[in-house]
1. When both residues are 6+ apart or on different chains and their Cβ atoms are under 9 Å apart, which pairs have a first residue that lies in the range 90-108 and is acidic (Asp, Glu), and a second that is assigned to a helix (DSSP H, G or I) and surrounded by fewer than 16 Cβ atoms within 10 Å (Cβ to Cβ)?
2. Do you know which residues across the range 206-231 are open to solvent by 10 Å² or more (accessible area, probe 1.4 Å) and either under 17 Å from Val283 (Cα atoms) or under 22 Å from the mean Cα position of the chain (by Cα) (or both)?
3. Please count how many residues of the range 110-133 are crowded, with 18+ Cβ neighbours inside 10 Å, out of contact with any Cys (no Cβ under 6 Å at 6 or more places or on another chain) and either free of Cβ contacts under 8 Å to residues at least 24 places away in the same chain or within 17 Å of Ala155 (Cβ to Cβ) (or both).
4. Regarding Asp60, is this residue in contact with a Leu (Cβ under 7 Å, 6 or more places away or on another chain), of a type in the set (Asp, Glu) and open to solvent by 10 Å² or more (accessible area, probe 1.4 Å)?
5. Out of the residues in the range 107-119 that are assigned to a strand (DSSP E or B) and closer than 24 Å to Asp80 by Cα, which is farthest from the chain's Cα centre (by Cα)?
6. What single numbered condition from (1) at pLDDT below 90; (2) open to solvent by 10 Å² or more (accessible area, probe 1.4 Å) fails to hold for Ala614?
7. For the range 420-453: of the residues being touching a Phe, Trp or Tyr at 6+ places or on another chain (Cβ under 7 Å), open to solvent by less than 20 Å² (accessible area, probe 1.4 Å) and part of a strand (DSSP E or B), which is nearest to Arg291 (Cα to Cα)?
8. Give the residues of the range 470-491 that are open to solvent by less than 10 Å² (accessible area, probe 1.4 Å) and either within 29 Å of the chain's Cα centre (by Cα) or among the hydrophobic types (A, V, I, L, M, F, W, C) (or both), sorted by residue number.
Amino acid sequence: MHTTILGAGAIGGVVGARLHRAGHAVTLVARGEHLRAMQTEGLRLAEPEGIETLRVDARDRVPDDTDMVWLAVKSQDTADALGGVPAGCPVVSLQNGIGNERLIDAAGHPVVGAMVWLPAVHLEPGEVRLHCLAAEGRVDVGDWPSGAGDVAAMARDLLRAAGFQSDLRDDIMAWKRTKLLTNLAGGLQAACGTVPEDLLRLLQAEAEAVFRALELPYHPVADLLALCPTTSTPLADGRTRPGGSTWQSVARGRPTEAGALYGEVARLAGDAGVDTPLCRRMVDRCSALQRPAEWTVGHLRWALLEAPEGEELVLRRASLEAVRRRPGMYIGDPDDVAAPIQLLLEVLGNSLDQHLGGRCTRIDVRLIPDGFRVADDGPGAEPDRFHVHASALHAGATADGHWPHVHPRLSFAGVGLAPVNALCRRFEWTTRFAGRVTRRRYAFGQPLGPAEELGPTTTTGLEIEAVFDRDIIPAAVDLVLVVDALERIAALSDLAVTLDGHPVRAGGLAGLVTRRAGCAGRLGFGPADVQLRRRHGDVAVDLAMFVSERDDRQMGWSFINFSETLGGTHVDGLRRAVKASRFRRYGLLYGLHVLLEGPRFVSPTRDWIDNREAEEAVHAVVAEALAQLRR
């Protein structure tokens, strides 16, 4: 008997490969790169027991001498695919949904429906994967619309020969409707990377209401799950199943079956006079997906339950697509040489926050091709919480609420780690936390599978590696800017900072000022006359001052929360104190760093602050220091 698999993707490829291996005459029909790979290199079947390459008959059309066609194309392709099936040839539908059998019957073919429960995967040309033992998989068959005749019995026998569980069902469509209820989880998983149980129950309730209104029989989902326990076994090479059928379609950039799943429920709802708003919206949401897990659960829930009809969801936190479309809103000009430094400083801010919390003493920065790696000796991070920080915009400030939360960027427009992740073709963090080492990888802001447990550890810390997406960030990392940024952080903190294993000059605020001044000695400035750190109310002031009697020029550099400013009320406070002192006509070189919560800005570039409490704090500290200065 010659059988043909029309649509040799995940399900079709697995069934066809196992029939071929069992000695049956099988032709696999496919297209594109997948067909070319099978024709030149064979079909690679990956299973928990091992990986085998099979030399199968692979073509781009159904042979005329075929005796049975197993239809496994996506439901939206059914009508076109049937055009190539020989007239009167029996067709077994291995497809999701409950509308394909009707189309097959209308095309004049004997129809066998199949309820398929196989955790199969097709992501790469020339390979299909089965993430369970074949004996754990089930494909039950029966005639459409009911009964179980000779063709169904032949299909069952072939499936058993291939190693699957298979029984005849005279009510196969009732079982397929039940399978459809479980398939409604697929779009949710593809959209947000998980299956929110409350949304799944609401979608299933809509479908069940339609079935009851039209008196279409179905079985309880619990009965199906008892018959087909959920299983997903790693392959022999350790790979795990990343997602279901809809997830795979999105990952491969192919149209999803949302119209045949949620859309079929909505179509039947029209016949029944039942409203199914969630299923209608899921059709739109799945059709718009550009990559898996574009949405957070909260935003998907909002889109399904609260958004006005027809309104597009703009703030898709998990997708971070807005960052990739408009990077300038988050990091400034992406073509500017400073863009890579902005990303580096956002990552450094994470370690600096831990330092301000008293739990980090060292940062090591290493430049790698098209990116950087930052490691610290802080407490590490709880993996699930850190995943949120790395993949969701505005996911919150520091977890412990220490004072203040900072972004040591070239401007104050701190945005956190998620935009960095979105603008990198590879982003990876490894945390040593609570005695365990955990790693998670991302590409273009999207997680590449779950977090990986790497083993036990007796140390703590966090390492982040980022490789830029050169289509968005074309500029190379400027070493001069990197050194300047790291020297600033080392000088304004007590951190030991290294770059590619070499210590970065620190010297405190006084050292930073003299390096920037360059000609301080020629201007008559000697060692710093004032070096102090004071806490004045809710403001911390770090001050370095050099006084010269040989020159009357006064200049300096100011910083707020590790970011440089052009001026503001904190500088006004310093100048007011100097003007009121006996040193008002002396030469003055100063460095001023202020830490405060909630700086307020008076310029769109966020480099000029207007905090009166900062002005008063700096004035008090500088006035006291100058009053005690003896020259």
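The values are calculated or read from the model by the stated rules, or taken from the named source; none is laboratory data. Not measured: the values here are computed from a predicted model. Glycine gets a Cβ as well: all are built from the backbone with ideal geometry, and neighbour counts include every protein chain shown. Remember, those area values only see protein heavy atoms, side chains included, never the ligands or the DNA or RNA. Shrake-Rupley method; radii C 1.70, N 1.55, O 1.52, S 1.80 Å.
1. Close Cβ pairs satisfying both conditions: none exist.
2. Across the range 206-231, the qualifying residue is only Glu206.
3. At the first step, the residues of the range 110-133 found to be crowded, with 18+ Cβ neighbours inside 10 Å are 110-122, 126-132.
Of the ones still in play, those that are also out of contact with any Cys (no Cβ under 6 Å at 6 or more places or on another chain) are 110-116, 118, 120-122, 126-132.
In the following step, the residues that additionally are either free of Cβ contacts under 8 Å to residues at least 24 places away in the same chain or within 17 Å of Ala155 (Cβ to Cβ) (or both) were identified as 110-116, 118.
Number satisfying all stated conditions: 8.
4. Values: in contact with a Leu (Cβ under 7 Å, 6 or more places away or on another chain): yes; of a type in the set (Asp, Glu): yes; open to solvent by 10 Å² or more (accessible area, probe 1.4 Å): yes.
Yes: the conditions hold for Asp60.
5. Within the range 107-119, the subset assigned to a strand (DSSP E or B) is 111-117.
Now restrict to residues that are closer than 24 Å to Asp80 by Cα: 111-116.
On the way: Val111: 42, Val112: 40, Gly113: 37, Ala114: 35, Met115: 33, Val116: 30 Å.
Taking the candidates together, the pick is Val111.
6. The failed condition is (2).
7. Tyr442
8. Restricting attention to the range 470-491, the residues satisfying the condition of being open to solvent by less than 10 Å² (accessible area, probe 1.4 Å) are 473, 482, 485-486, 488-491.
Correct list: Ile473, Val482, Ala485, Leu486, Ile489, Ala490, Ala491.
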